[in-house]
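Each remark here refers to the structure printed beneath this line.
Quick note: the coordinates plus some simple rules give every number you see, no bench work behind them. Everything numeric in this text was worked out from a predicted model, so none of it was measured. Cβ coordinates were reconstructed from backbone atoms using ideal geometry, including for glycine residues, and neighbour counts include every protein chain displayed.
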Amino acid sequence: MKDLMMWASRHKKILTAVLVIGGATIWYFGGSSGNTDATATVKTAQVERGDLRISVSGSGQIEAVSQVDLKPVIAGDGIDVVSVQVKNNQSVKKNQVIATLDTGDAVRDIASAELDLRSSLIKQKQTDDQYDRETKEDRWNRQTQEISVKQRRISLAEAREKLADYSIRAPFDGIVTGLDVEAGDSVSRDTVIASVITSDMKVVITLNEVDASKVVDGAKALLSLDALPELEVAGTISKIATIGTVSSNVVSYEAEIELDQQNASLKPGMSVSAEIIVAEREQALLLPNAALTVKEGKATVKKVGKDTSTSTVQEVKTGLTDDVMTEITSGLSEGETVILPSVSAAKTTTQSSGLFSSLFRSPGSGTRSSSK
């Protein structure tokens, strides 16, 4: 062993050169770091039939189809509520009494109008007796008094009609909401005594100006609700605003959606997300968007030949398109194959030789000195 160590010490330079040449050979023929094998993967797609749907989205809330706020229509700064005949969330019929106001003033107005009419009738009788001739002057006096009687009759009719204003009635079949008065309260013409809403609901959403330009009356809508995630609701656009609303320099348009079917679970104020279908094709010829190359307004694809080893550039006409697929209206047939853009796959193999790297270590590298 000592003889071997002594020989190695004497021939150190020769041994080092042999190891360097051997390591370099290993590195060159496949053991080097960073050796890359690049291959190209060719993908294809077939022209297939399917349904294509283009839609826009908006958000809003559930609202009643109709809502009327009930206020006193009588004049005056304040009038007392005599009775309230309904409760909140109660269903009511058209003309059903919601509340009754103090009719004292109305009753007095009727009595006064009745007295005025009676007085006018007595005066008419006196005029007929006093001016009973057929002279022009007598006829004028009788006609004047007849007019006075008619005016008094009209005043009495108006006073009786006003009596109805002291009963607050439902304008249509619906549900009472917002009732916040009781007997003894004083109300004015601006006081909302209650509201009556229809049991039928609608959806009101807002759309940005780009999406609003694509939506038309009659467009179908699919609705989802945060409060009822399991519920599927469909509807139809029944109205879209002509003039937009500007807020923070953003223009939006309000649209109303009529529900195809009412659901008792829907409540006013619930948040709604709507997907509005602006265009759709059933059983159209479809290709992935990636298969198309558009240049100078013309769309082309690489169509695979019959022997599958060749391809030709084919011009096509396109129709509807979304983020994934495009409708092909001419240039290709169902079942034909086109080439998608190629994808390069790189394989990198890294090897390291402990022996080779150790040859170039500086003396003492990889060790730590210690001091006592």
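Based on alpha-carbon atoms only, what is the radius of gyration of the stretch 132-278 relative to the globular estimate 2.2 N^0.38 Å?
That works out to 1.88 for the stretch 132-278.
Suppose R0 equals 41 Å. What FRET efficiency, 1/(1 + (r/R0)^6) with r the Cβ-Cβ distance, do Ser57 and Phe172 give to the nearest 0.05?
Computed FRET efficiency for Ser57 and Phe172: 0.80.
Over all directions, what mean area does the Cα convex hull of the stretch 252-312 project, stated in square nanometres?
9.4 nm²
In the stretch 189-207, which residues have a backbone nitrogen under 20 Å from the label point lying 7 Å from Gln261's Cα in the Cα-to-Cβ direction?
Within reach of a label on Gln261: 199-203.
So what is the orientation-averaged projected area of the stretch 100-217, using the convex hull of its C-alpha atoms, in nm²?
15.2 nm²
Please give, to one decimal in nm, the separation of the simple spin-label points placed at Glu209 and Asp185, each 7 Å out from Cα toward the Cβ.
So the two model labels end up 4.4 nm from each other.
How far is it, in nm, from the label point at Val251 to the one at Glu114 when both lie 7 Å from their Cα along the line to the Cβ?
6.4 nm
So if we plug the beta-carbon distance of Glu161 and Asn89 into 1/(1 + (r/R0)^6) with R0 = 30 Å, what FRET efficiency do we get, rounded to 0.05?
0.40
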